[in-house]
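Notes follow the structure.
The values are calculated or read from the model by the stated rules, or taken from the named source; none is laboratory data. Every value quoted in this text rests on a predicted model; they were computed, and no experiment measured them. As a convention, Cβ positions derive from the backbone with ideal geometry for all residues, glycine included, and neighbour counts pool all protein chains shown. All accessible areas refer to the heavy atoms of the entire protein, side chains included, with ligands and DNA or RNA removed. Shrake-Rupley method; radii C 1.70, N 1.55, O 1.52, S 1.80 Å.
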Amino acid sequence: MPEVRSAREWVQLAFSQHWAIGQFNVSNLETIQAVTRAARACRAPVFVGTSMGTIRYAGLAYLAVMVRVAKSEAEVPVFLHLDHGEGLDVINACLEMGCMTR
């Protein structure tokens, strides 16, 4: 893996080398595990997406912790991404929980 740290740097690297980074919305622990295990198997960075439905279903704090644990085990870059948030309150809460900012 190259010495790239931020989501923005990964996207720039992918763009410059003509490849893509997958973004997959998750709704529970099992889908988080499946997405991060597949990323690890492919040795590829991944965006784990959350939506308002998932936030309402699982709770943002639980979701963020599950992604943090999956990220620690993945051995590849894993970024939490808010996919279509509703309002600044949700966006700010997601940023505080570790969602990517760029």
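Numerical summary
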| quantity | calculated |
| --- | --- |
| Tally of residues being over 18 Å from GLN33 (Cα atoms) and not hydrophobic (A, V, I, L, M, F, W, C) across region 69-97 | 8 |
| Residue check for SER16: hydroxyl-bearing (Ser, Thr, Tyr), more than 11 Å from the chain's Cα centre (by Cα) and either surrounded by 18 or more Cβ atoms within 10 Å (Cβ to Cβ) or farther than 19 Å from HIS84 by Cβ (or both) | yes |
| Any chance VAL76 is buried (at least 18 other Cβ atoms within 10 Å of the Cβ) and modelled with pLDDT of 90 or more | no |
| Close pairs (7 angstrom Cβ cut-off, 6 or more residues apart or separate chains): free of Cβ contacts under 8 Å to residues at least 40 places away in the same chain in region 77-91, outside any strand (DSSP E or B) and open to solvent by 40 Å² or more (accessible area, probe 1.4 Å) anywhere | LEU80/GLY98; LEU80/MET100; LEU82/ILE91; GLY85/ILE91 |
| Odd one out for GLU3, checked against (1) surrounded by 14 or more Cβ atoms within 10 Å (Cβ to Cβ); (2) assigned to a loop (DSSP other than H, G, I, E, B) | (1) |
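Conditions (1) small (Gly, Ala, Ser); (2) open to solvent by less than 90 Å² (accessible area, probe 1.4 Å), marked per residue:
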residue	(1), (2)
GLN23	no, yes
VAL26	no, yes
LEU29	no, yes
THR36	no, yes
ARG40	no, no
ALA44	yes, yes
GLY53	yes, yes
